[in-house]
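One structure is given below, encoded as structure tokens.
The values are calculated or read from the model by the stated rules, or taken from the named source; none is laboratory data. As the structure is a prediction and not an experimental result, all values here were calculated from the model. Here the Cβ positions follow ideal geometry from the backbone for every residue, glycine too, while neighbour counts run over all protein chains shown. Note: areas computed on protein heavy atoms with side chains; ligands, DNA, RNA excluded. Shrake-Rupley method; radii C 1.70, N 1.55, O 1.52, S 1.80 Å.
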Amino acid sequence: MTTRVSTSLDRLDAMLGGGLLPGTLTVVYGATGIGKTHLGLGFAHRGVRADGAPGLLFDMNARGDSQQHHQYADRLYDWPLGHWTHTVTPMADPLPPDDQMRAFYCGAYRWIGRLRD
């Protein structure tokens, strides 16, 4: 049996059979304001205690919601999220520079434009 990692939410851990599976990708989705970001930031930040470094947030939100994850992380955990911008071009060193190794946030879809008319 694989040891699971607790989300620190007993009821959620019970629904997941004991927690999250280490080394796997977990997708959390749902309505605005239910705590997805809070859960993700809390879980990723617990990596500091467990592994000496926080996890990575990969944001697949394309609707341009008003939540600024980096400001939220800073307010909750004094955790400065940097945007991951490293790309590997042909004949380039595939390893990212040091500043990118400290970038813990990937916004897959950058929101450009107006939120409302």
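Summary table below
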| item | result |
| --- | --- |
| Cβ-Cβ under 8 Å pairs, at least 6 apart or on other chains, region 18-29 side more than 20 Å from ASP59 (Cα to Cα) and open to solvent by 90 Å² or more (accessible area, probe 1.4 Å), far side outside any loop (DSSP other than H, G, I, E, B) and not basic (Lys, Arg) | none |
| Only one of THR32, THR7 that is surrounded by fewer than 16 Cβ atoms within 10 Å (Cβ to Cβ) and β-branched (Val, Ile, Thr) | THR32 |
| Test set (1) surrounded by 10 or more Cβ atoms within 10 Å (Cβ to Cβ); (2) modelled with pLDDT of 80 or more; (3) within 17 Å of PHE104 (Cβ to Cβ) - ALA14 fails condition number | (3) |
| Filtered residue count, region 30-43, keeping only those that are touching a residue at least 12 places away in the same chain (Cβ under 8 Å) and within 18 Å of LEU81 (Cα to Cα) | 7 |
| Tally of residues being of a type in the set (Val, Ile, Thr) and in contact with a helix residue (DSSP H, G or I) (Cβ under 9 Å, 6 or more places away or on another chain) across region 1-49 | 6 |
| Members of region 86-105 found to be within 15 Å of the chain's Cα centre (by Cα) and either at pLDDT 75 or above or surrounded by 15 or more Cβ atoms within 10 Å (Cβ to Cβ) (or both), listed by number | ALA103, PHE104, TYR105 |
